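Here is the structure we will look at, set down as structure tokens.
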Amino acid sequence: MKNTALTSIHESLGAKMVPFAGFNMPVQYAGVNVEHATVRESVGVFDVSHMGEFLISGPEAINLVQRVSSNDASTLTIGRAQYAYLPNETGGIVDDMIVYKIKEDQFLLVVNASNIDKDWEHITSQNTMGADMKNLSDDYSLLAIQGPKAVEAMQSLTPVDLGAIKFYHFEVGEFAGIEHVIISATGYTGSGGFEIYCKNTEVAQIWKRVFEAGASYNIKPIGLAARDTLRLEMGYCLYGNDIDDTTSPFEAGLGWVTKFTKDFVNHEQLQSQKEFGVNRKLVAFEMDERAVPRGGYEIKDSNQQDLGMVTSGTMSPSMNKGIGMGYVPPIFSAPGSKIYVQIRKNLVPATVVKLPFYKK
């Protein structure tokens, strides 16, 4: 089990630690609902240093990124990022990721912790053009400072104008007394804020300064459990739950980051899926009665015929109702469609809705 550079700090704060993607991670501190509300209303800090970072450099960097990414990295300028996924050879998804353009010939790919080795092998296998690849995952830390008060609370720590950084843009600058920190206006919560990339040797200082600066804003450390409820309220996919090696990006609603303006891994099969359609679609639904859908529960129609499976589900802390996502035939995918979730012996009605669940 790996530790992050902040594990001892989490333990000293009384965090409940659990194994996650091979790491010893804080799942909660004060409680999921309290931490969730903190991020929605003020500002909270996640240690997500378990995420993977690959640096792709040199004159062939753009060609490798274009080969492995579903999105079109040629549209990026320095200081911008884009969401994308790594298509596999069989019509599924190796992983989803964020691509940052650091310099004209340098890109940072940020991938999921559970997939670091798999992604590295996949990208390496496609590197026939000889781009320079470095796996920085073990040397870098990542803090997600999220919430509507994040800009205000953190501005004293940096000369960079945080309010001027647009969504999916970033700056490299001084932060909390550390030079050359990536300050990225990205996150997984839907409540605004930043993700801070720094070296493992720097993150303890940054963590300390962040909590000092945020003290008057009721800043709190936030665990992985609230990260999951926050992302689900926005309808963001979680790899291993909602998408995996067997799910088509067009089933999962990721056509918007699938750009056929260039060649990429398995683009012919994905083009065919786009043209001819898919047999199931990932939908969002709200329970009509007080009930909590969980991943793995069966989804059925009014005649109790199997439609699919819940991939993610929870009791929404913001809305106080059961919400979930799952795959169903396209005929049941329109908002307003009625479906049923098998919860133990009960068939509980639910309604397909448009994302996000949580409206600010």
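Here is how the numbers come out for the structure above:
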| read-out | value |
| --- | --- |
| Matching residues in segment 102-130 - criterion: being without any contact (Cβ under 8 Å) to a residue 40 or more places away in the chain and either over 24 Å from residue 79 (Cα atoms) or in contact with a Cys (Cβ under 8 Å, 6 or more places away or on another chain) (or both) | 117, 118, 121, 124, 125, 128 |
| Scope segment 67-87; condition without any contact (Cβ under 8 Å) to a residue 60 or more places away in the chain, in a helix (DSSP H, G or I) and of a type in the set (Val, Ile, Thr); matching residues | 75 |
| Qualifying residue in segment 105-113 (condition: of a type outside the set (Lys, Arg), surrounded by fewer than 21 Cβ atoms within 10 Å (Cβ to Cβ), in a helix (DSSP H, G or I) and out of contact with any Ser or Thr (no Cβ under 7 Å at 6 or more places or on another chain)) | yes |
| Some residue of segment 292-308 being acidic (Asp, Glu) and in contact (Cβ under 8 Å) with a residue 60 or more places away in the chain | no |
| Number of the condition not met by residue 201 [criteria: (1) part of a loop (DSSP other than H, G, I, E, B); (2) exposed (fewer than 15 other Cβ atoms within 10 Å of the Cβ); (3) touching a residue at least 60 places away in the same chain (Cβ under 8 Å)] | (1) |
| Counted residues, segment 27-58 - those being within 30 Å of residue 128 (Cβ to Cβ) and either free of Cβ contacts under 8 Å to residues at least 60 places away in the same chain or in a strand (DSSP E or B) (or both) | 6 |
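Conditions tested, residue by residue: (1) without any contact (Cβ under 8 Å) to a residue 12 or more places away in the chain; (2) crowded, with 21+ Cβ neighbours inside 10 Å; (3) closer than 26 Å to residue 356 by Cβ.
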position: 222; (1), (2), (3): no, yes, yes
position: 226; (1), (2), (3): no, yes, yes
position: 251; (1), (2), (3): no, yes, yes
position: 265; (1), (2), (3): no, no, no
position: 271; (1), (2), (3): yes, no, no
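Here, each number is a calculation from the coordinates, and none is a lab measurement. This structure is a prediction, so every number in the text was calculated from the model and none was measured. Positions of Cβ are backbone-derived with ideal geometry, glycine not excepted, and every protein chain shown enters the neighbour counts.
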